[in-house]
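The values are calculated or read from the model by the stated rules, or taken from the named source; none is laboratory data. Just so it is clear, the structure is predicted and the values come from calculations on it, not from any experiment. Positions of Cβ are backbone-derived with ideal geometry, glycine not excepted, and every protein chain shown enters the neighbour counts. The accessibility values were calculated without ligands, DNA or RNA, using every heavy atom of the protein model including side chains. Shrake-Rupley method; radii C 1.70, N 1.55, O 1.52, S 1.80 Å.
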Amino acid sequence: MKRIIIALAALFTIATTSMAQTDNTRRERPSKEEMAKQRTEAMVKQYELNDDQQAKLLELNTKYAEKLPPMFMRRHHGPRPERVRPEGVTPDNNVKHAPRMEMNSDFEQKRKEMKEAQEAYDNELKGIMTEEQFKNYQEESQKMRRGPRGPQGPRG
């Protein structure tokens, strides 16, 4: 009986100690400048940029950090996880989805501005990278835009 009590006390102590060590605080989102640095470092590795290119790229990423959405800034951090469908749902079994919302003019305007900013970013990036590096960048960008299910996204 004593052994059971001692074992339970030890187990309780270990459990409370391990729970006390976990950090339950939320991570703060990185600032736009930090995201620009992370993006630059990832692109330097991925496209094998030299020091001069790295400095110019950091300046470019910092310049566009405010103009481009966070998803664009994280584009080169690896593939997105595969979406898990509920049991029995397949793309061809005609499961009805919620109707798509009508796009308002504000959304269309923001979308147009982001597209223009992305095109300007790509044009400036073309001046920093070599032809081969920029070609690789464009190929990777196209893969990321298409996503895992093709150009129309998961719903088709």
Review point. Hey, if we sort Phe134, Phe12 by accessible area with the 1.4 Å probe, largest down, what's the order?
Key: Phe12, Phe134
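Which entries of Lys32/Lys56; Lys67/Lys110; Lys63/Lys112; Lys45/Lys135; Lys32/Lys110; Lys32/Lys135 have Cα-Cα distances beyond 22 Å here? Spell out each step's value before the answer.
Details: Lys32/Lys56 17 Å; Lys67/Lys110 10 Å; Lys63/Lys112 19 Å; Lys45/Lys135 16 Å; Lys32/Lys110 19 Å; Lys32/Lys135 26 Å.
From Lys32/Lys56; Lys67/Lys110; Lys63/Lys112; Lys45/Lys135; Lys32/Lys110; Lys32/Lys135, over 22 Å: Lys32/Lys135.
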**Study point:** Length added when fully stretched, Phe107-Phe12, from 0.36 nm per residue minus Cα-Cα
**Key:** 28.8 nm
Review point. In nm, to one decimal, how far is the Gln54 label point from the Glu131 one, both placed 7 Å along Cα→Cβ?
Key: 2.7 nm
Point to revise | Ranking by accessible area, most exposed first, for Ser31, Ser141 with a 1.4 Å probe | key: Ser31, Ser141
